[in-house]
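The values are calculated or read from the model by the stated rules, or taken from the named source; none is laboratory data. Owing to the predicted nature of the structure, the values given are computational and were not obtained by experimental measurement. When we count neighbours, we look across all protein chains shown, and the Cβ atoms used for this are built from the backbone with ideal geometry, even at glycine. Just the protein is used for accessible areas: all its heavy atoms, side chains included, with ligands, DNA and RNA removed. Shrake-Rupley method; radii C 1.70, N 1.55, O 1.52, S 1.80 Å.
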Amino acid sequence: MKDKLYKTDNFNLASFLIARGCSLLCIDVDGSRGTFVFELTTEIQNLSQQYFSLDTQVNLKDFITSSKELKLRLYELLKKK
């Protein structure tokens, strides 16, 4: 059975999910855009819903750290293309 995946091209959402403890599986790069891939779990679904309804909190330091790390990973992949 094929694993269910949660994909988003929303950089801030991906940073938020990582800051909240979700594991990024990979980044799919197409041209100059990245799609962030996570395993589809109930937690991911709940956090995404909270994110879009602006009904959540995240540690600012964790969010900034995850954003910086994610940006570095994305730029490294884009450089290789």
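Numbers below:
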read-out: In the stretch 50-62, the residues that are loosely packed, with under 10 Cβ neighbours inside 10 Å and of a type in the set (Ser, Thr, Tyr); value: Ser53
read-out: Conditions (1) of a type in the set (Ser, Thr, Tyr); (2) open to solvent by 50 Å² or more (accessible area, probe 1.4 Å); (3) in contact (Cβ under 8 Å) with a residue 40 or more places away in the chain; number of the one not met by Tyr75; value: (3)
read-out: Matching residues in the stretch 27-49 - criterion: being in contact with a Phe, Trp or Tyr (Cβ under 9 Å, 6 or more places away or on another chain) and either open to solvent by 50 Å² or more (accessible area, probe 1.4 Å) or of a type in the set (Ser, Thr, Tyr) (or both); value: Asp28, Glu39, Leu40, Thr41, Gln45, Ser48
read-out: Qualifying positions in the stretch 57-70 - over 12 Å from Leu13 (Cα atoms) and in contact (Cβ under 8 Å) with a residue 12 or more places away in the chain; value: Asn59, Asp62, Thr65, Glu69
